Amino acid sequence: MQRTGTNRRSIIWGVLPIILLVVFVLIDQITKSYCKNLYENHGWTKTTFIDGFFYFYYTENTGAAFSFLSGVSWGQYFFTALTVVALVLFFIFYIYVCRKNYRWLKIAMAFILAGTIGNFIDRLAYNYVVDFISWVFGSYHFPVFNMADVFITVGVIMFVAHYLFIDKDAVFRSKHGKKDDCNN
């Protein structure tokens, strides 16, 4: 009987990251498509949610994070190639994570892969990435971003947290008296 419960948990933790990845890519693509449709068909560029703090602001980012290299003609080719290499490396690392059965890292990788795939889809389809979330903090305007960027950020934070606090060899993990729970 106990074996069945263990098998179910194993199956759930094997399938959950894949389900999350698909759901996150869909969320990213649906939100971008909605904003792009509003822009192209209704001339929408900006909506205020919290004045002076939070806006939806449609932009087409031909560069990378924070529009890095956005004015460079070869930039799209560079970022497309870089994304392909990154996706291959992420998938290889994901296989490693699955073999080690690091649950926390599986979820982190689902976030990172979903964000990377979401922005990659935009690059292939439009030669730019649709960004639409805008934060303002006083006089500072944070660069406009999208849900894929949120997913990548959350995944990277989880990834770093794993290696700082959760992994059995973590930097800030007490080595005394704690059982190995990096699979939890």
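Laboratory data are not the source of any read-out in this text; all were calculated from the coordinates shown. Since this is a predicted model, take the numbers as computed values, not measurements.
The figures follow:
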quantity: Cα centroid separation, the range 115-141 to the range 28-63 (Å); calculated: 10
quantity: Computed lengthening from HIS42 to PHE142, 0.36 nm per intervening residue step minus Cα-Cα distance; calculated: 33.4 nm
